[in-house]
1. Using 11 Å as the cut-off for backbone N distance, which residues of region 263-289 belong to the label zone defined by a point 7 Å from the Cα of R114 along Cα→Cβ?
2. Tell me the net charge near T71. Cut-off is 11 Å between Cβ atoms, T71 excluded, with +1 for each Lys or Arg and -1 for each Asp or Glu.
3. What area, in nm² and to one decimal, does the C-alpha convex hull of region 142-252 cast on average over all directions?
4. How many nm separate the modelled label positions at Q37 and T248, each set 7 Å beyond the Cα in the direction of the Cβ?
5. Order the peptides 7-14, 167-174 from the highest to the lowest mean number of other Cβ atoms within 10 Å of their residues.
6. What FRET efficiency would be calculated for the residue pair Q161, H123, taking the C-beta separation as r and a Förster radius of 25 Å, to the nearest 0.05?
7. May I have the pair-distance distribution P(r) for the chain, computed from all Cα-Cα distances with 10 Å bins from 0 and rounded to whole percent?
8. Could you give the radius of gyration (one decimal) and Dmax (whole number) of the Cα atoms in region 105-185, in Å?
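Throughout, read-outs are computed from the coordinates displayed, never taken from laboratory work. On a predicted model such as this, the values are computed, not experimentally measured, just so you know. Virtual Cβ from ideal backbone geometry, glycine too; neighbours counted across all protein chains shown.
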Amino acid sequence: MIDRLEMFLALARERHFGRAAEACGVAQPSLSSAIRQLEDQLGVQLVIRGSRFQGLTPEGERVLERARAITADVRSLREEMRAVRHGLTGQLRIGVIPTALPRIADLTAPFLRRNPGIRVKIHSATSGEILSRLQDHSLDAGLSYLDHEPLGKVAAIPLFQERYVLLTTPDGPLERRSTAEWADLAGLPLCLLSSEMQNRRIINGHLADAGLSVEAAIESNSVLALIAHVATGHWHSVLPEALAAMVTGDPRLLALPLVAPAAQHRIGLITPARDLHTPALEALLAAARRLSPA
């Protein structure tokens, strides 16, 4: 039944029979047959069928939640038995909000030195995408904001504070300043992260607190795109301090800490709120606790 539950989860995630079959490494008829056999075993219809996938039935939605828990427990058990036989091995999939990417190695580098048999895959994703992918088990853990939007059923370990700088140019309007205030952004041509990014919503909040309503001339979900536009000398941006520190060796760029008020927001490791985790994830949680200031 476990294989059938995993195929059902893939179908619920992909919402397309062909893509779900490809994700499971089986032919589409095999996946369709497995779903029908699961329905026969449970005695209910799980999938609304037509010429294509049309969604889950109410019974299917109920089974989905239980299937996630069951397959996660089975995966944890398999990984635990593998660790008993071969030592700690396997793969961890970690989603990271783009603005926290410069800090992920603070966690993964010491973790991998202690656990060289584990491989880590790092995915850049929005905070919403991370929560969704933790729920459907396509990620094992995430590095995301802890304070601003509902996290749902996750456990969180605080790791560090995100602080902000105004990224500008040495010959810009604030060239003689060592710091900047949020009010200084009034009238500046800005390039900022796009509105689906939680960092942008945080920045909008600080701008509103300073009495500003700012329209960004350029929006992107890529931090590199923002930095490239600032380097031309025509635009300015607001970035996390850790991100700006990676590029401030560039003589075209100047990072001014944003004060009055200074803003900082907690970022931490989030994982599904479950009693049983794989040994690899338990090891990552232990590494996060060693790093946590809390």
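1. What the label zone holds, given the 11 Å backbone N cut-off, is 282-289.
2. Taking every Cβ under 11 Å from that of T71, the sum is +1.
3. 7.6 nm²
4. For the pair Q37/T248, the computed spacing is 6.0 nm.
5. Ranked from most to least packed, the peptides come out as 7-14, 167-174.
6. Approximately 0.60, to the nearest 0.05.
7. 6, 24, 26, 21, 15, 7, 1, 0
8. Cα only, region 105-185: 18.2, 51 Å (Rg, Dmax).
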